[in-house]
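First the structure, in the form of structure tokens, and then the observations on it.
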Amino acid sequence: MEKTLEFIAKEKIIPVVKISNIEDTLPLMNALKAGGIGIAEITFRTACGADAIALASKNCPDMLIGAGTVVNAGQAKKAVENGAKFIVSPGYSQAVCDICKQNGILYLPGCVTPTEIMAAMDNGINIIKFFPAESYGGLAAIRAIASALPNIRFVPTGGIGPGNIKDYLSFDKVFACGGSWMVKESLIREGRFEEITKLCMDAKEHIGQ
Ligand code: 3PG
């Protein structure tokens, strides 16, 4: 878990990926790597999401592959079996949390209210996905919550892009940011992997990496 946290802290950007065709998995991972991004949250939003996690985990040992949109225990188990190194949910799930604990892997639950964050804290979690970030008050909301809950770190996701990522990352309670702007579904579907690489490079440069 420590290594996972270090990796994410270094990467700063977590691409949230939706893969509809399993064949796109490795070209996409290569495109991310070529663009300087060594991490991917592969979501369970498609039928092949779990297989894509397995494929990427097996073939890209230098990357940190996690599972996203994990909403129940069954998906969490599958994600762990398939090699996911961290699990992300849009909300807080006790069942998913328990599986992550049993397997010693990082769980980033989606929380936006202090009550949700306190539920996470009760389970030893101090880093949460603040989702959907822009709709739930953005950085101003994060700052307000952080003043009451100073031990919490945030991974804002939802509505993050080149126009606001630097602002988010400039707040020291923001651990990393998630987003899909460099891995848009249409780019993946149309095989525009060079554009994905370019968007990743731009994103890294933009945040000064
Ligand atoms: C997610 O579920 O994490 C989002 O799809 C990412 O949000 P974005 O598409 O607004 O970047």
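Couple of notes before you dig in:
- Qualifying residue in region 57-64 (condition: open to solvent by less than 10 Å² (accessible area, probe 1.4 Å) and in contact with a strand residue (DSSP E or B) (Cβ under 8 Å, 6 or more places away or on another chain)): no
- In region 77-92, residue surrounded by the fewest Cβ atoms within 10 Å (Cβ to Cβ) [restricted to those that are at negative phi and of a type in the set (Gly, Ala, Ser)]: 91
- Residue list for region 135-184, restricted to those being among the hydroxyl-bearing types (Ser, Thr, Tyr) and in a helix (DSSP H, G or I): 147, 168
- Scan of region 90-112 for residues that are in a helix (DSSP H, G or I) and within 16 Å of the ligand (Cβ to nearest atom), ordered by number: 96
- Any hit, region 126-143, residues being modelled with pLDDT of 95 or more, basic (Lys, Arg) and over 26 Å from residue 166 (Cβ atoms): no
- The one condition from (1) in contact with a strand residue (DSSP E or B) (Cβ under 9 Å, 6 or more places away or on another chain); (2) more than 16 Å from residue 9 (Cα to Cα) that residue 204 does not meet is (2).
- Of the listed requirements (1) away from the ligand (no atom under 15 Å from the Cβ); (2) open to solvent by less than 10 Å² (accessible area, probe 1.4 Å); (3) within 12 Å of residue 206 (Cβ to Cβ), residue 146 misses just one: (3).
- Cβ pairs under 7 Å, 6+ apart, first in region 168-193 and more than 14 Å from residue 127 (Cα to Cα), second open to solvent by less than 30 Å² (accessible area, probe 1.4 Å) and among the small types (Gly, Ala, Ser): 179/161; 181/161; 182/203; 193/31
- Boolean, residue 129 is within 16 Å of the ligand (Cβ to nearest atom) and either under 15 Å from the mean Cα position of the chain (by Cα) or of a type in the set (Val, Ile, Thr) (or both): yes
- Applying the criterion of being in a helix (DSSP H, G or I) and surrounded by 18 or more Cβ atoms within 10 Å (Cβ to Cβ) to the residues of region 12-49, the residue that is nearest to the ligand (Cβ to nearest atom) is 49.
The values are calculated or read from the model by the stated rules, or taken from the named source; none is laboratory data. Only a predicted model underlies this, so the values are computations on that prediction, with no experimental measurement involved. FYI the Cβ positions are ideal-geometry reconstructions off the backbone, even for glycines, and counts take in every protein chain you see. Heavy atoms of the whole protein, side chains included, go into the accessibility calculation; ligands, DNA and RNA do not. Shrake-Rupley method; radii C 1.70, N 1.55, O 1.52, S 1.80 Å.
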